[in-house]
Every structure is written in C-alpha cells, then in structure tokens.
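Written out below as structure tokens is the structure these notes cover.
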Amino acid sequence: MATVELTGAEREYLETLFWLYEAGLPMTGANVARAMQLSAPTVHEMIGRLERGELITRGPDKVISFTAEGERQAEEIVGRHRLIERFLTDVLGIPWDEVHEEAERLEHAMSPVLEQRMLAAIGDATTCPHGHPIRVGTRVPGVPLADVGEGAAIRVLRFENEAEDLLHYLKASGLEPGLEGTLAERDEEHVAVKAADGTLLTLTPSVAETVSVIADPSPPPRTALPEQLVLGQRYGR
Ligand SMILES: [Zn+2]
C-alpha cells in the first residue's frame, strides 16, 4: 500500500495526538497547543492539514478523532520512536535523558529490516526508557506524583513529558521509571520521594505533575491536562 510520506511536523502532531489518546485526555486543538507549547492558530492550521490528509476527523464539538489510517500511522510512528530510544539506551549505552532527540532524527530513516533487528536487540524490554509502551495499547494507567499523599507507597511508571531539559532535570533528581519508594514529604515548593535504598529524591511540584506513578493509597485519576505539563520549549513523547 502506498503511503504519503509525512513531514516531520505532521509526525510530531500525530505523536502528540496519540499521546492524548493514550492518556485518555480530550483530543482537542487546545490540548495539542498546550502539549506542544504552540499558539492556537499554528495548531489550527496543522490540524486542518491532517484533516485534509484524511488522518483525523473533527466532530461538531471540535473533538478530534483518528481515521483508521491516521491511527495506524500514529501507532507506527510512536512505537518506532520508543523502540529506537530503548535501543539507544540499552544497546548503545546512551543516557536516557539524551535519546529523545536522537530518536526523532533516526525514526524516519529506518527500514523495516533495521526495525526488526532493533526489536531483537532490545530483548524483552516492553517500554521506552521513559516508561511508554513500545507496543501501543499496553499503557498502564497511573496518577501524577504531584497528587500523591504523604506516606503512600509509589512506583514510577513513566515521564509524560519528554522535553529534553525536563529529562535532564529528572535524571539529575535520581528518579527513573521502575523506581519504588514512599512519598516522604510535600509542600508548596517540593515533592520528596524516599527511594527503597533510603535516598531522598526531591522535585518541584510542577515537575511532579509530569511524572506518572502507581500509588497506594492512590489519589483519584486526573481527567484534564495539567497546566504545568510543559516546562521545556518543546514537547516530546
Ligand atoms: Zn521515551
């Protein structure tokens, strides 16, 4: 089947829409604008292009849906991106706060043969190094670390925002997907997690908004996109 080659910008929008879709957040132009830190008119124009390309449709309520082809392409792009990230960290040893942009550059140059080789090379890893499922549709639901109460047991699931500056900050904090601990303290300026080995890891509450965890006891799930989702100039998956 012949598929029209998408531009880098189109791919990025599809990725962002797919992230909203996975997270169960409303797929609206406003949420895309917020997630990508772009102005409403810019987003409006690109959404129109995707619609004309029959990758998405827009309902009367302005809510966006994927067409079958749009969903297929978005899944493929997102899955491949996460696979490359995992390959770069696990096989090439690149730190996880440096792979997002690299993967972005590599993802459209990949042949199906190389993709198969990479899949074989990552062994049984099922997520990107930031915790997002490589095989889409297997996302584990979580709650923002910012909502968790003191004393709750937590396990870090994923970093929702992969803007590079934010990943550097998270790396420096010592937090990473899979880490287990307890919510040690929180106030207006800090959220502190005590890791299983006793280390205290501290984040700002706005960064804690972007970290999804499983918590026990758990706060209720969020239904809206947090205002502080994006701190960097650019949103990533
Ligand atoms: Zn990732």
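Where a number appears in this text, it was derived from the coordinates with a stated rule and is not lab data. These figures come from a predicted structure and were not determined experimentally. Neighbour counts are summed over all protein chains in view; Cβ atoms, including those assigned to glycine, are modelled from backbone coordinates with ideal geometry.
Assorted remarks:
- Its Cα gyration tensor gives segment 1-140 an equivalent ellipsoid, and the semi-axes of that ellipsoid, as √(5λ) in whole Å with the largest first, are 27, 16, 14.
- Proportion of all alpha-carbon pairs of segment 55-118 beyond 14 Å (%): 63 percent
- With the simple spin-label model, which puts each label point 7 Å out from Cα in the Cβ direction, the residue 92 to residue 138 separation comes to 2.3 nm.
- Listed residue (123, 50, 149) projecting farthest to the positive dipole end of the chain, Cβ model: 50
- Mean projected area (nm²) of the alpha-carbon convex hull when the chain is viewed from all directions: 13.2 nm²
- Computed magnitude of the charge dipole of segment 1-120 (debye, nearest 20; Cβ of K, R +1, Cβ of D, E -1): 260 debye
- Scattering curve values for segment 131-175, log₁₀ I(q)/I(0), Debye with Cα scatterers, q = 0.23, 0.29 Å⁻¹: -1.00, -1.17
- Radius, Kirkwood style, for segment 120-220 when every pair of distinct Cα atoms is counted (Å): 13.8 Å
- Fraction in percent of alpha-carbon pairs per bin - 5 Å, segment 1-55: 4, 19, 31, 26, 13, 4, 2, 0
- For segment 157-167, 3J(HN,Hα) per residue [Karplus equation, 6.51 cos²θ - 1.76 cosθ + 1.60, θ = phi - 60°, Hz, x = Gly/Pro]: 8, 6, 9, 6, 10, 9, 4, 4, 5, 5, 5
- Cα-centred dipole magnitude for the chain, charges only on beta-carbon of K, R (+1) and D, E (-1), debye, nearest 20: 480 debye
- Computed on the chain, with alpha-carbon pairs under 8 angstrom and 6+ residues apart, the relative contact order is 20 percent.
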